[in-house]
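Inspection log for the structure reproduced underneath, given as structure tokens.
The values are calculated or read from the model by the stated rules, or taken from the named source; none is laboratory data. Keep in mind that this is a model prediction, so the values were computed, not measured. Methodologically, a virtual Cβ is constructed for each residue, glycine included, from the backbone with ideal geometry; neighbour enumeration extends over all protein chains shown.
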Amino acid sequence: MTATPPAPLSLESYMRFETESGLILPVFIRRIYTEVADGGFGPAYGINPLMGDETDSVATWDRLFQNANHDEPRGPQWPSHLIRLCEAGCNMFYAVDIRNENSPVFKVEITSSNNVDDWLSVASTSVVEWLDHWACERLG
């Protein structure tokens, strides 16, 4: 995580993300990327950037896992409604359910199980609550 988060994305860049990825993010998450910063802050190693060639960007990771779902139909099938939002290290990260405006946050711990549900545990019932908890801990 950088000391100073990158600038927020322009609305045009965000719209390009939606068009290219096919992902429609909940309003609050869109506002994080277009009004606060393109990642680089938040729990663990910080929220991932939305776009870019880095493997931790939301768009790149989503594309990699969707291709893996198609190429390895017997392997773990990553749900299309979960995006990888934040890295936690050691095969762990946080994912957000984008089907729901509250955007529940799941801690993901990759195991040898081919059932992705075995990898998930609820970290927070909403991304707002998750970030609020992080901010309160930092401000102590």
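Can you find, within region 51-75, the residue that is modelled with the lowest pLDDT among those that are loosely packed, with under 15 Cβ neighbours inside 10 Å and assigned to a loop (DSSP other than H, G, I, E, B)?
73
Taking only region 1-22 into account, find how many residues are modelled with pLDDT under 90 and crowded, with 18+ Cβ neighbours inside 10 Å.
Qualifying residue count, region 1-22: 1.
Restricting attention to region 78-102, and to residues there that are touching a helix residue (DSSP H, G or I) at 6+ places or on another chain (Cβ under 8 Å) and at pLDDT below 85, which single residue is surrounded by the most Cβ atoms within 10 Å (Cβ to Cβ)?
Across region 78-102, the extreme among qualifying residues is 78.
Give the residue that is farthest from the chain's Cα centre (by Cα), with candidates limited to residues of region 103-129 that are buried (at least 16 other Cβ atoms within 10 Å of the Cβ) and not aliphatic (A, V, I, L, M).
For region 103-129, the residue satisfying everything is 119.
Which of (1) modelled with pLDDT under 90; (2) over 21 Å from residue 22 (Cβ atoms) is the odd one out, the single condition residue 116 does not satisfy?
Residue 116 satisfies every listed condition except (2).
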